[in-house]
Amino acid sequence: MNILNKEELRRQIREGKEISLDGILEEFKSLLRESLQTASEEELTSHLGYDKHQESDNPNYRNGHNKKSLKTKYGQVDVSIPRDRDGTFYLPLVATAS
């Protein structure tokens, strides 16, 4: 839907598409989810000290993702948070939202 983009929103209204508060909220939650997941991936890169798919001598490495449901003031947002092999990666941003 992408109604958070002003031009797209204008286009959809001109075309007579129904825009609802629930639709706007879902768009916002999707943007929030993407932002949290991007931030967590970058935080893990910083924590490990090397980019994804880059070779490293660091014995700690990426080890999948954990699903997490966050309760926000906008409703529940399900995110996929990366984890590291040693279990030392901690993301304060997500901890404060849940």
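The values are calculated or read from the model by the stated rules, or taken from the named source; none is laboratory data. Given the structure is predicted, the values throughout are model-derived calculations rather than measurements. A quick note on method: Cβ atoms are made from the backbone with ideal geometry, for glycine too, and the neighbour counts reach across all protein chains shown.
Test Ser40 against the stated conditions and say whether it is closer than 25 Å to Asn5 by Cβ and among the polar types (S, T, N, Q). Give the steps one after another, and end with the answer.
Numbers: closer than 25 Å to Asn5 by Cβ: yes; among the polar types (S, T, N, Q): yes.
The answer is yes for Ser40.
Pairs meeting the criteria (first residue in the range 36-60 and surrounded by 10 or more Cβ atoms within 10 Å (Cβ to Cβ), second residue charged (D, E, K, R) and part of a helix (DSSP H, G or I), beta carbons under 7 Å, at least 6 apart or on different chains) are lacking. For the range 61-86, the set of residues classified as at positive phi and surrounded by 11 or more Cβ atoms within 10 Å (Cβ to Cβ) consists of Gly75 only. For the range 6-28, the set of residues classified as surrounded by 10 or more Cβ atoms within 10 Å (Cβ to Cβ) and under 12 Å from Tyr74 (Cα atoms) consists of Ile24, Leu25, Glu26, Glu27, Phe28, listed by residue number. Within the range 87-98, the residues that satisfy the criterion of being at pLDDT below 90 and surrounded by fewer than 16 Cβ atoms within 10 Å (Cβ to Cβ) are Tyr90, Pro92, Leu93, Ala95, Thr96, Ser98. Of all residues in the range 42-75, those that are within 14 Å of the chain's Cα centre (by Cα), more than 11 Å from Phe89 (Cβ to Cβ) and either part of a helix (DSSP H, G or I) or among the basic types (Lys, Arg) (or both) total 4.
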